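What follows is a single structure, written as structure tokens, with notes after it.
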Amino acid sequence: MLGLTDEEKELMNKCSEYLLGIQASPAHGLDHAEKVLGYALELAKGTGASRKALIASSLLHDVSRQFGGKGEGHGKESIKMVGHFLGKISLTEEELALTLEAISNHSLKEQGLTIPIESKILYDADKLAGFGMLGFMRICIYAGEQGYSFDEICDMLIKKLPRKQSQLHLEQSKVLAKELNQKLELIQELMREERIL
Ligand SMILES: [Fe+2]
Ligand SMILES: [Fe+2]
């Protein structure tokens, strides 16, 4: 379905195995990483972006989250953890640099306009994986992991999600985000009906 070459499949398998070996947070685990990868390869079509950098960065961007990493710095923390592993697998120097930069950039609030296309794609793909019905389910899984209250779940759904949607880089991502998040209006309506909102 992802249309991977044998070399790309091998890279994906190695990164997936690495992530599964340390997975502690299902909300940021292999399910999430594979969803990010699917969006990343879709957004990469026709851009000339490095697919290998996108495969590695999609699968490993949230490694620090498995160890409690949070906030803007968790991308940088992830690259400290995966640098050694990535240095040993089949990436060129340029692919490795693009991978590390994309991972580091994905958690920054201020996204520079001059960042590489791979960084923009990973950023958008990561946000898209948090939208729509799957995104809503993921918010609930994450809330369970963190012990969040119902109010905090509502806050993530009502305030944080539209903010994330407004920060996307690519036009194609904005179209996809709109489609995905329109579906959540029904959930919001049900929440209002049950006086949760
Ligand atoms: Fe992240
Ligand atoms: Fe992520």
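The values are calculated or read from the model by the stated rules, or taken from the named source; none is laboratory data. Just so it is clear, the structure is predicted and the values come from calculations on it, not from any experiment. So basically every Cβ, Gly included, is an ideal-geometry build from the backbone, and we count neighbours across all protein chains shown.
Restricting attention to segment 145-197, the residues being in a helix (DSSP H, G or I) and either farther than 26 Å from Arg65 by Cβ or not aliphatic (A, V, I, L, M) (or both) number 31. Selection within segment 105-138: residues that are aromatic (Phe, Trp, Tyr) and surrounded by 23 or more Cβ atoms within 10 Å (Cβ to Cβ). The member of this set that is nearest to ligand 1 (Cβ to nearest atom) is Tyr123.
For segment 60-88: of the residues being within 20 Å of Glu8 (Cβ to Cβ) and surrounded by fewer than 17 Cβ atoms within 10 Å (Cβ to Cβ), which is farthest from ligand 1 (Cβ to nearest atom)? Out of the qualifying residues, it is Lys88.
Please find, among Leu30, Leu54, the residue that is buried (at least 19 other Cβ atoms within 10 Å of the Cβ), among the aliphatic types (A, V, I, L, M) and at pLDDT 95 or above. Matching residue, one of Leu30, Leu54: Leu54.
Taken over segment 178-190, the criterion of being of a type outside the set (Asp, Glu) and closer than 25 Å to Phe150 by Cβ is satisfied by Leu180, Asn181, Gln182, Lys183, Leu184, Leu186, Ile187, Gln188, Leu190. Candidates in segment 139-197 are the residues that are of a type in the set (Val, Ile, Thr) and touching a residue at least 12 places away in the same chain (Cβ under 8 Å); of these, the one that is surrounded by the most Cβ atoms within 10 Å (Cβ to Cβ) is Ile139. Residues in segment 27-47 that are within 12 Å of ligand 2 (Cβ to nearest atom) and not aliphatic (A, V, I, L, M): 7 in all. For segment 57-72, a residue qualifies if it is modelled with pLDDT of 95 or more and small (Gly, Ala, Ser), and the qualifying residues are Ser57, Ser58, Ser64. Put simply, of Leu37, Leu60, Leu91 the only residue that is more than 24 Å from Tyr142 (Cα to Cα) and of a type in the set (A, V, I, L, M, F, W, C) is Leu91.
Scanning segment 6-54 for residues that are under 15 Å from the mean Cα position of the chain (by Cα), under 21 Å from Pro116 (Cα atoms) and away from ligand 1 (no atom under 16 Å from the Cβ) returns Gly38, Leu41, Glu42, Leu43, Ala44, Ala53.
Taken together, Ser64, Ser50 contain a single residue that is out of contact with any strand residue (DSSP E or B) (no Cβ under 6 Å at 6 or more places or on another chain), polar (S, T, N, Q) and within 15 Å of ligand 2 (Cβ to nearest atom), which is Ser64.
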